[in-house]
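Report on the structure given below.
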Amino acid sequence: MTYYEGVKKMEEMGVNDNYIQGWVAGFLNNPEIEEQRITDEWEAGHEDGKAHTEANFANFC
């Protein structure tokens, strides 16, 4: 899966914005955000982005 395919699919599905931001950060190997700003959705997205997987997109719609 490519970055653009993943983002497009999440936007079309209506995935939670925090999950999308985490997924993008993980996919691009960006550093984590400040601890007080991390949400469960962001953290899950970050892990999935690092793994380049779309398996959990539907769980965050």
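The values are calculated or read from the model by the stated rules, or taken from the named source; none is laboratory data. Just so we're clear, the structure is a prediction, and the values are computed from it rather than from any experiment. In this analysis, Cβ positions are derived from the backbone assuming ideal geometry, glycine residues included, and neighbour counts consider all displayed protein chains.
Computed quantities for the displayed model
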read-out	value
Subset of the range 30-61 [of a type in the set (Lys, Arg) and surrounded by 14 or more Cβ atoms within 10 Å (Cβ to Cβ)]	Lys50
Unique residue being out of contact with any helix residue (DSSP H, G or I) (no Cβ under 8 Å at 6 or more places or on another chain) and at pLDDT 95 or above when the list is Glu47, Glu41, Glu12, Glu34	Glu12
Near pairs, Cβ below 8 angstrom, 6+ apart or cross-chain, from the range 31-56 (within 18 Å of Lys8 (Cα to Cα)) to any residue that is assigned to a helix (DSSP H, G or I) and of a type in the set (Val, Ile, Thr)	Gly45/Ile20; Gly45/Val24; Gly49/Val24
